[in-house]
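Here the structure is laid out as structure tokens; the discussion comes afterwards.
The values are calculated or read from the model by the stated rules, or taken from the named source; none is laboratory data. All values reported here derive from a predicted model rather than from experimental measurement. Reconstructed Cβ throughout: ideal geometry from the backbone, glycine too, with neighbour counts over all protein chains shown.
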Amino acid sequence: MSIVARGPECDSDRSPADWKHLERRADATTDERGTPIDPGIRGVVVGLWAHGLPTESSCEGHLLEGVTDDDPAFGPFVAPYVSIEAPPPSPHPLEVEPDVVAASPALREQARGWRVANHHLQVRLLALLERFLAGRAVPLHARLQLSPTAHEWGTCELSFAGAQATRVAPREVQAARLAEYQAELAAFAAFLRQSVT
């Protein structure tokens, strides 16, 4: 699992050389512990960057050994995802008490601008997903979707329709679905690259 630094904001008018530059940037991107972007999600992250969609965190998905279902928030199955988030203003709206934001016209305007920017990113991601999913026959649980993460701020996550339900499935079902999800990520990464270069 990787929590990675934000990707660059880019336009979608890219050349193959630009794609290589983004791949090198992805190779150099790590989280606060020095963990690089997971290889199974790297192509999607680079593709999103190339389409001007900055990422906040990502994970290729994992079946964790030695972890039980005791913690419903984080069991042995971790589904693939990519968090999409506009660069936040300073101070970050999620780190400021709501009453402080409400009392400050400047902070309210900054927060509103960030929320609007995040909603614009959702529109762009939805357009890409619509093009990718058009005519694509995959089981519903393996269908990529946009999921809001902080509704009031417009941040979102690229995830799978069946990800949450898969967390309580038997281990062999989790393993099979993870393989399906990762194959779908590879197909989406190829689509993103083809639609840019």
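Side notes on the structure shown:
- Among residues that are in a loop (DSSP other than H, G, I, E, B), without any contact (Cβ under 8 Å) to a residue 12 or more places away in the chain and closer than 26 Å to residue 78 by Cα, residue 176 is not included.
- Any hit, segment 17-38, residues being at pLDDT below 90, outside any loop (DSSP other than H, G, I, E, B) and farther than 28 Å from residue 195 by Cα: no
- Just one residue in the set 176, 127, 161, 134 is of a type in the set (Gly, Ala, Ser), more than 18 Å from residue 46 (Cβ to Cβ) and surrounded by 15 or more Cβ atoms within 10 Å (Cβ to Cβ); that residue is 161.
- Members of segment 63-100 that are assigned to a strand (DSSP E or B) and modelled with pLDDT of 90 or more: 81, 82, 83, 84
- Hey, residue 179 among the small types (Gly, Ala, Ser) and touching a helix residue (DSSP H, G or I) at 6+ places or on another chain (Cβ under 6 Å) or not: no
- The residues in segment 147-157 that are surrounded by 17 or more Cβ atoms within 10 Å (Cβ to Cβ) and hydrophobic (A, V, I, L, M, F, W, C) can be counted, and the count is 2.
- Of the criteria (1) closer than 24 Å to residue 23 by Cβ; (2) touching an Asp or Glu at 6+ places or on another chain (Cβ under 7 Å); (3) of a type in the set (Ser, Thr, Tyr), which one residue 149 fails: (1)
- Each residue in segment 133-173 was checked for being without any contact (Cβ under 8 Å) to a residue 12 or more places away in the chain, among the small types (Gly, Ala, Ser) and assigned to a helix (DSSP H, G or I), and 0 pass.
- Residue within segment 73-86 that is surrounded by fewer than 13 Cβ atoms within 10 Å (Cβ to Cβ) and within 22 Å of residue 195 (Cα to Cα) present: no
- In summary, residue 167 fulfils each of the numbered conditions (1) in contact with a strand residue (DSSP E or B) (Cβ under 6 Å, 6 or more places away or on another chain); (2) of a type outside the set (A, V, I, L, M); (3) exposed (fewer than 14 other Cβ atoms within 10 Å of the Cβ) with the single exception of condition (3).
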